[in-house]
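Structure record follows, encoded as structure tokens.
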Amino acid sequence: MAQSGNREAVRELLDTYGSTYASEADIRLKNTPQPLYQLLVLSFLLSARISSGIALASSRALSRAGMRTPRRMADTTWQERVDALGRGGYRRYDERTATQLGKGADILLEEYGGDLRKLRAEAHEDVTELRRLLQQVPGLGPVGADIFLREVQSIWPEVAPYLDKKAQQGARRVGLPPEPGKLADLAGDTDRATFAAALVRAALDKSKT
């Protein structure tokens, strides 16, 4: 595909899929402890074997219940977490998930004072190390860490461009080159997280199969 064709494909991609998962979950992402933790919880939920719609609704339900920080999450009971997840439609793994959310909050409080910026600092701008550190959180595996990094790259510039295998899959699907460097060039001034999320949404769009 010629360069002009690639540019047109990027415009169509953003017109169709151009929103981050954080914005869809009503998270106003900035480099402060609360929204960073909300993004971590969202990434954890999105990585589970449930629909993205249920994960997003459950993230919003947890936030409405006040569980927006590790301290607030740790201070809730297991049943309160189960109930909030249920209100979001998350029922298949809700009991295990409620336990993991509590344990994860405890770890973040103990290791980082509940502030993910301290986890970032510990990685010393090494994205591979940052990805490893994120996976200390119970239930947040490689997929969840990738989701978090794709979304956070707009405010943690050392992460960008973060275009993992799922984003590259989306690029292939819409006829764009899958190489991260080429994709980053095509993105131009587009917000990195928005571009990555659009590629992932394209990869997951079953209507295009």
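At-a-glance table
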{"quantity": "Rounded to 10°, Cα long-axis angle of helix 192-204 versus longest principal axis of the chain", "calculated": "90"}
{"quantity": "Euclidean distance of C-alpha centroids, the stretch 39-84 and the stretch 119-160, integer Å", "calculated": "19"}
{"quantity": "Whichever lysines have a C-alpha closer than 23 Å to that of K103, once near sequence neighbours (fewer than 8 apart) are set aside", "calculated": "K118"}
{"quantity": "The stretch 123-197 - percent of accessible surface contributed by carbon and sulfur, probe 1.4 Å", "calculated": "50"}
{"quantity": "Within the stretch 28-82, trypsin sites (Lys or Arg not before Pro) in DSSP loop having at most 11 other beta-carbon neighbours inside 10 Å", "calculated": "R28, K30, R49"}
{"quantity": "Vicinal HN-Hα couplings computed from phi for the stretch 29-36 (Karplus, 6.51 cos²θ - 1.76 cosθ + 1.60; Hz; Gly/Pro x)", "calculated": "6, 8, 7, 9, x, 5, x, 5"}
{"quantity": "The stretch 1-63: GluC sites (Glu not before Pro) falling in loop per DSSP and having at most 15 other Cβ within 10 Å", "calculated": "none"}
{"quantity": "√(5λ) per eigenvalue of the Cα gyration tensor, the stretch 29-142, largest first, Å", "calculated": "23, 15, 12"}
{"quantity": "The stretch 85-209 - accessible surface per residue (Å², probe 1.4 Å)", "calculated": "48"}
{"quantity": "Charge-dipole axis of the chain as Lys and Arg at +1 and Asp and Glu at -1 on Cβ define it, positive-most pick from I155, L183, W78", "calculated": "W78"}
{"quantity": "Cross-link partners of K206 among aspartates and glutamates (Cα-Cα below 20 Å; sequence separation of 8 or more within a chain)", "calculated": "E12, D15, E24, D164"}
{"quantity": "In order through the stretch 105-118: 3J(HN,Hα) via Karplus (6.51 cos²θ - 1.76 cosθ + 1.60), integer Hz, x for Gly, Pro", "calculated": "4, 4, 5, 5, 5, 5, 8, 10, x, x, 10, 5, 5, 6"}
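The values are calculated or read from the model by the stated rules, or taken from the named source; none is laboratory data. Bear in mind the structure is a predicted one, so any value in this text is a computation, not a measurement. Quick reminder, even Gly has a Cβ in these numbers, built from the backbone with ideal geometry, and neighbours come from all protein chains shown. Only protein heavy atoms, including side chains, enter the accessible area calculation; ligands, DNA and RNA are left aside. Shrake-Rupley method; radii C 1.70, N 1.55, O 1.52, S 1.80 Å.
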